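Right, one structure below, let's go through it.
The values are calculated or read from the model by the stated rules, or taken from the named source; none is laboratory data. Just so you know, these numbers come straight off a predicted model, no measurement behind them. So basically every Cβ, Gly included, is an ideal-geometry build from the backbone, and we count neighbours across all protein chains shown. For the accessible areas, the whole protein counts, side chains as well, though only heavy atoms, and no ligand, DNA or RNA atoms are used. Shrake-Rupley method; radii C 1.70, N 1.55, O 1.52, S 1.80 Å.
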Amino acid sequence: MSSDRRFRGPIDLHTHSRVSDGTESPARLVAAAAAAGLGTVALTDHDSTAGWAEATDAARREGVTLIPGMELSTRVDWSSVHLLAYLFDPNNAKLVAETARIREARLHRAEEMVARISRDYDVNWDDVVAQTNPGATVGRPHIADALVARGLAGTRSEAFAGILHWRAGYYQPHYAPDPLTAIELVVAAGGVPVIAHPATVSRADVVLEHRMRDFVDAGLFGLEIDHRENTPEGKVRLQRLADEYGLQLTGSSDYHGEGKPNRLGENTTRPEVLDALIDRATGWQPVYAA
Ligand code: AMP
Ligand code: FE
Ligand code: FE
Ligand code: ZN
């Protein structure tokens, strides 16, 4: 139990590095977590575990406990739903294949979006490549960075509110599995699934609510309640769902380096919840601070 566990608080269970759409290397992110006074940080890049090794070395150096994880892209109709996954086996063949498929779909989708944008604006695929770490999971944030570099937007947020918004007409979805499929994949890989920011204005809240029984039966562990994008009314609903289904509640920053205003440790997870999460995991171990 917790006596032999050396994780410390504060605990932040959701961050991104340059392996996906964060702006820092995994090592710099872990160093930033230490500097921000965190005791435990989870690295949860979109659809990739490519940062785990570097983050593991950095965690040992910095004296921070690392929870290796990922934020899996899933989709219900036209809504994207994000699933946080912790402490799964990163070599699990089915999960490896599915994440490769999603990254590939994201790449083609980004190329198609940029092709459409380039008919109206002076920006091309090379601009996006210049903003993307080789091998990274490509997303709209990389297109946003290209737009900023071209002077077509002031910041990532401005790009999202403008050219990248679905209303602008360039938006395109990409392949992603159903959330239930994703939960099953994570559980089969020994991991622990938590639905990320389930109550933002743009999420398919109602859809999630009527499918919660199936998600829980498949092994859903928790809901990320304390996240800056969850609405106050949504949080009330999440608390009720957690009570009804016996789900744990987590909190985290969703830090993206300079790519978003979110600051490390702005929301945190209670130690008892992390304890239960580690108890549930069979796929991988936390990297405990010395
Ligand atoms: P995508 O999955 O490619 O459609 O892009 C969604 C990603 O963009 C999310 O993971 C967020 O990290 C990021 N994002 C969404 N809105 C914003 C924003 N206003 N500013 C910066 N990044 C954002
Ligand atoms: Fe992101
Ligand atoms: Fe997300
Ligand atoms: Zn995220």
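Among the chymotrypsin sites (Phe, Trp or Tyr not before Pro) in segment 66-98, those placed in a DSSP loop whose Cβ has at most 15 other Cβ atoms within 10 Å are W78. Rounded, prolate or oblate, given the Cα gyration tensor of segment 107-168, with a/c below 1.5 counting as rounded? Rounded is the answer for segment 107-168, as its axis ratio a/c remains below 1.5. Using a Gaussian network for the chain with springs between C-alpha atoms less than 10 Å apart, which of these wobbles most: R18, R228, R211? Checking each option, the largest mean-square fluctuation is seen for R211. About its Cα centre, the dipole of segment 209-290 is roughly 80 debye, where the only charges are +1 on Lys and Arg Cβ and -1 on Asp and Glu Cβ.
Taking a ≥ b ≥ c as the square roots of the eigenvalues of the alpha-carbon gyration tensor, segment 194-289 is classed oblate because a/c is 1.5 or more while a/b is no larger than b/c.
GNM remark for the chain: springs join alpha carbons under 10 Å apart, and the peak mean-square fluctuation among R237, R280, R167 falls on R167.
Spatial offset of segment 1-74 relative to segment 157-184 amounts to 25 Å, using the alpha carbon center of each. Against the main long axis of the alpha-carbon atoms of the chain, helix 179-188 sits at an angle near 50°.
Hey, in the GNM for the chain with a 10 angstrom Cα cutoff, which one of L220, L84, L247 fluctuates hardest? Its mean-square fluctuation being the largest, the pick is L247.
Per residue, segment 219-278 exposes an accessible area of 41 Å² to a 1.4 Å probe, with every protein chain left in place.
Is the chain best put as rounded, prolate or oblate by its Cα gyration tensor, with a ≥ b ≥ c the root eigenvalues, rounded for a/c under 1.5, and otherwise prolate when a/b is larger than b/c, oblate when not? Prolate. Helix 205-217 versus the longest principal axis of the chain: what angle, 0 to 90°, nearest 10, using Cα atoms? Computed tilt is about 40 degrees. Among T23, L84, L277, flag the residue with its Cα farthest along the positive direction of the charge dipole of the chain, charges on Cβ as +1 for Lys/Arg and -1 for Asp/Glu. Positive-end residue among those listed: T23.
Seen against the Cα atoms of the chain and their longest principal axis, helix 140-149 is set at about 50 degrees.
Across the accessible surface of segment 107-168, with the other protein chains kept in place and a 1.4 Å probe, carbon and sulfur atoms take up 49 percent. Taking the Cα centre of the chain as origin and assigning +1 to Lys and Arg Cβ atoms and -1 to Asp and Glu Cβ atoms, the resulting dipole is close to 200 debye.
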